[in-house]
1. Give me the dipole magnitude in Debye, nearest 20, for segment B:58-153 about the Cα centre, with unit charges on the beta carbon: positive for Lys and Arg, negative for Asp and Glu.
2. Running a GNM on chain B with Cα contacts under 10 Å, which residue among B:VAL104, B:VAL287, B:VAL47 ends up with the highest mean-square fluctuation?
3. Which aspartates and glutamates have a Cα less than 12 Å from the Cα of B:LYS76, not counting those fewer than 8 places away in the same chain?
4. For chain A, what is the relative contact order in percent, using Cα pairs closer than 8 Å and at least 6 residues apart in sequence?
5. Under the rule of -39500 (n - 2.57) per DSSP H run of 4 or more residues, summed and divided by the residues of chain B, what mean residue ellipticity at 222 nm is obtained, to the nearest 500 deg cm²/dmol?
6. Taking the Cα centre of the protein assembly as shown as origin and charging only Cβ (+1 Lys, Arg; -1 Asp, Glu), how large is the dipole, in debye to the nearest 20?
7. Under 12 Å from the Cα of B:LYS164, which aspartates and glutamates turn up, not counting those fewer than eight places away in the same chain?
8. Using Cα pairs under 8 angstrom and six or more residues apart, how large is the relative contact order of segment B:127-189, in percent?
Amino acid sequence: VNRPPGGVSNQVWERDERTLSRSTPDVVVLLGPEGRDSIVLRGTGVALWGALDPPASTEDLAARLAKEFGTDLAAVRSDIEPVVAQLAAAGVLRATS
Amino acid sequence: MISPSPADVVRGVAGYGLPHATSTLPLGVLDDETWNTAYTAVVRQRVTGHLVHALQDGAFLATDDQRAAANEAHEKALALALLLERLLLTTLALLHAGEIVTRVLRGPAIAHTLYPEPGLRSFGDVDLLVAPRDYDAALALLRAHGARRRFPEPRRGFDRRFGKGACLVTPDHLEVDLHRTFVAGPFGLAIEADELFGRSTKFSLGGQTLHGLDSEARFLEGCFHAAIGDEGRRLASLRDVAQMVLCSDLDVARVRELCQAWQCGIVVRRAIGLTWDAFGLDATPEVVRWARELQPTTFERQALHAYSGANRSYARQTVAGLHAVRGLGAKAMYAGALLVPTRAYLRARDGGYLRRSRRAVRLFRDDRAALQRNGSRAR
């Protein structure tokens, strides 16, 4: 839905302000503007959601999370790309212009 | 493993994190039987947020299975809250397009304005207040978009003039309670609903600014819910009252004014009494001191009788409401609608005219007896 044509890595993503959410330290539950089923993020997904405020590109998100967890940048990038794409498809994130 | 009273465990959970609470959490891991009973009650009372919070803080000790069950139940509660908030936003969009002014009551309004995390306050439906003049239009609008009434009104126009409101079920089987006032019966009839729209407490949801009741009206509405609402789900309401008294700014002079105007000081006294007992609160802020010293009027005592005790019922509250209806013509209309309601109402509530007549006579007789008892006590 919000997937940019040239891939996701350099696209800047922001949380759609219409997204409804609830957080605990272990879990983030999200409901997109048109969604009927909630999305549950756990573990690094919780950190990813936190890192999306302020808006950031997938590359920046991967760098931030790799630093936070002390892990390999490429591994983090490959982990979060499908999650970012899924969140964008669910309307929870939108690509900024 | 330990086996304290499950009721004490649930009270401890519901009061977790509350300043001045002396209710405590168990000091060890609960045995399976106690856990199962307490867990079921925590879910029913909608206080899973406090349980998960206590588990995360290490204040509630649990096995891995118990912890997993608590987390799973809370995730379900959070997911339901989001669905209901989406329903709230779509419902408000419809009503506002129809130029109908609203105030959000209870669940979402409380969760987003009174608690440090909205996830601490779970809820099971959406409650909206509309002005009496807009009530019929609001109802028609929501029904035109697929909502259906759970119960019909006794006669056309009864709800707008005398009723609490209507419970609507959406095509997704979620509930919207469309309120004209806070409660059915005498207390609801004594409230000047139009006055509730002059002020508000704002909160943000889904990128929009919504309006709940102002702090003092919200406190009184919370007291009604806590004092005379569903006993099986009372702890969350009692926690709300404690949050409002201990963790928010209340203009006590305005609370007193509203109580006097709406004749509901006894409701505040009862709500505060139940709250302070439930959580063993050892603070006595100004509103608590005032409520404890309050001398209820005869009307208040009689009205409360209809909502409490073993014989409490919607029918009893409605009969007792006759005393709060102003003007002879209005009283006749109120009594007439209840004595000879529509067939659809009868089918849903009583099954037939004969059964209803017998029940009505019995309730009016009981109501008169209660009046005489309370009257002689007042003298």
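Values in this text are rule-based calculations from the coordinates and carry no lab data. Given the structure is predicted, the values throughout are model-derived calculations rather than measurements. Using ideal geometry, Cβ is built from the backbone for each residue, glycine included, and neighbour counts are taken over all protein chains shown.
1. The calculated dipole for segment B:58-153 is roughly 300 debye.
2. Residue with maximal mean-square fluctuation among B:VAL104, B:VAL287, B:VAL47: B:VAL287.
3. A:ASP37
4. Numbers: 150 pairs, mean separation 39.7, N = 97.
Once divided by the residue count of chain A, the mean separation gives 41 percent.
5. Result for chain B: -18000 deg cm²/dmol, rounded to the nearest 500.
6. Details: 60 positive and 54 negative charges, 676 e Å.
Here the protein assembly as shown has a charge dipole of around 3240 debye.
7. Within the straight-line cut-off, B:LYS164 pairs with B:ASP127, B:GLU153, B:ASP177.
8. Relative contact order comes out at 37 percent.
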